[in-house]
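Okay, structure first, notes after.
The values are calculated or read from the model by the stated rules, or taken from the named source; none is laboratory data. Just so we're clear, the structure is a prediction, and the values are computed from it rather than from any experiment. When we count neighbours, we look across all protein chains shown, and the Cβ atoms used for this are built from the backbone with ideal geometry, even at glycine.
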Amino acid sequence: MLMQKMKELSIAIFLTAFFIVLGTEYLRELGRYHSQQQQTIADPQFRRDFFSDSMRENRERLSEECKTFLTNVENDVDYYPIPESSVDKSLKTSYVDGWMSERTYKGKRGHEGTDIMASADKRGLYPVLSMTDGVITSLGWLEKGGYRVGITSDSGIYYYYAHLDSYADIEEGQNIRAGDLLGYMGDSGYGPEGTKGQFAVHLHVGIYSFADGKEISVNPYYVLLSLEEKKLEYEFS
Ligand SMILES: [Zn+2]
């Protein structure tokens, strides 16, 4: 009799615990869903993980604002910004996820972009191409960015290319097609106009949202990864 009662009691305890765990898990999932529905582009996690495989696969979990931004970038980007050399296969580029790593020139800040490094540390060698269609909305020297080009796509997203060595024949207001030559990779910046050689030759890529007049950067790393198979070929050596 007592054994029977004990058995019933333990089954009841087990079932109660089971449903508590299940319920908690459900509520947690619900909470996650709701917090993602309220997520804006300014959310640090959204900015950091932007365009990752898991974000793209689970896009239905994103808020409308975030989903629209993701879709716009997907539609904008066509080509990796550095072509392959048709004559010298040793000329390569590489990059790591350096999102928000520390920068110290003129005050501490987080790195808001991806640096594409050149296997040959030689300024003026690698062509820089536009990843997207758009209009050149900024051109010229910036103390931190050196010779930079900013292209705004039709969807209003700003694509920023910095530290160029020199420009192609381009001007502000000009329409650009994806794959068009913007200039050559360099090491300009970190000083008054014309300063070069303060760091290794590389292309800094930035991607910005300008929703509501607020400038918000997102991590370009996964966007560049997605363009690995979309490299054009140029003759340079
Ligand atoms: Zn950079």
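Contact list please: Cβ distance under 6 Å, first residue in segment 83-103 and under 22 Å from Tyr221 (Cβ atoms) and of a type in the set (Lys, Arg), second residue in a loop (DSSP other than H, G, I, E, B) and within 16 Å of the ligand (Cβ to nearest atom), pairs at least six apart or on different chains.
Final answer for the pair search is Arg103/His111.
Please go through segment 85-111 and give me each residue that is under 21 Å from the mean Cα position of the chain (by Cα) and modelled with pLDDT of 95 or more, ordered by number.
Residues satisfying the conditions are Lys92, Thr93, Ser94, Tyr95, Val96, Asp97, Trp99.
Among the residues of segment 179-205, what is the count of those that are surrounded by fewer than 20 Cβ atoms within 10 Å (Cβ to Cβ) and small (Gly, Ala, Ser)?
Within segment 179-205, the first condition is being surrounded by fewer than 20 Cβ atoms within 10 Å (Cβ to Cβ), and the residues that meet it are 179-181, 190-200.
Those left that are additionally small (Gly, Ala, Ser): 179, 191, 194, 197, 200.
Qualifying residue count, segment 179-205: 5.
Residue by residue, here is whether (1) under 30 Å from Thr40 (Cβ atoms); (2) in contact with a Cys (Cβ under 6 Å, 6 or more places away or on another chain); (3) basic (Lys, Arg); (4) modelled with pLDDT of 95 or more holds:
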residue	(1), (2), (3), (4)
Gly134	yes, no, no, yes
Met185	no, no, no, yes
Ser188	no, no, no, yes
Gln198	no, no, no, yes
Val205	yes, no, no, yes
Lys214	yes, no, yes, no
Ser217	yes, no, no, yes
Pro220	yes, no, no, yes
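Among the residues of segment 102-127 satisfying the criterion of being exposed (fewer than 15 other Cβ atoms within 10 Å of the Cβ) and among the hydroxyl-bearing types (Ser, Thr, Tyr), which is nearest to the ligand (Cβ to nearest atom)?
Filtering first and then ranking leaves Tyr105.
Of all the strands (runs of 3 or more DSSP E) wholly in segment 180-223, which have at least 2 residues that are within 12 Å of the ligand (Cβ to nearest atom)?
Output list reads 202-209.
For segment 48-90, how many residues meet the condition of being surrounded by fewer than 19 Cβ atoms within 10 Å (Cβ to Cβ) and part of a loop (DSSP other than H, G, I, E, B)?
Matching residues across segment 48-90 total 10.
Going through segment 150-167 one residue at a time, which ones are within 13 Å of the ligand (Cβ to nearest atom) and either touching a helix residue (DSSP H, G or I) at 6+ places or on another chain (Cβ under 7 Å) or under 13 Å from Ser138 (Cα atoms) (or both)?
Tyr160, Tyr161, Ala162
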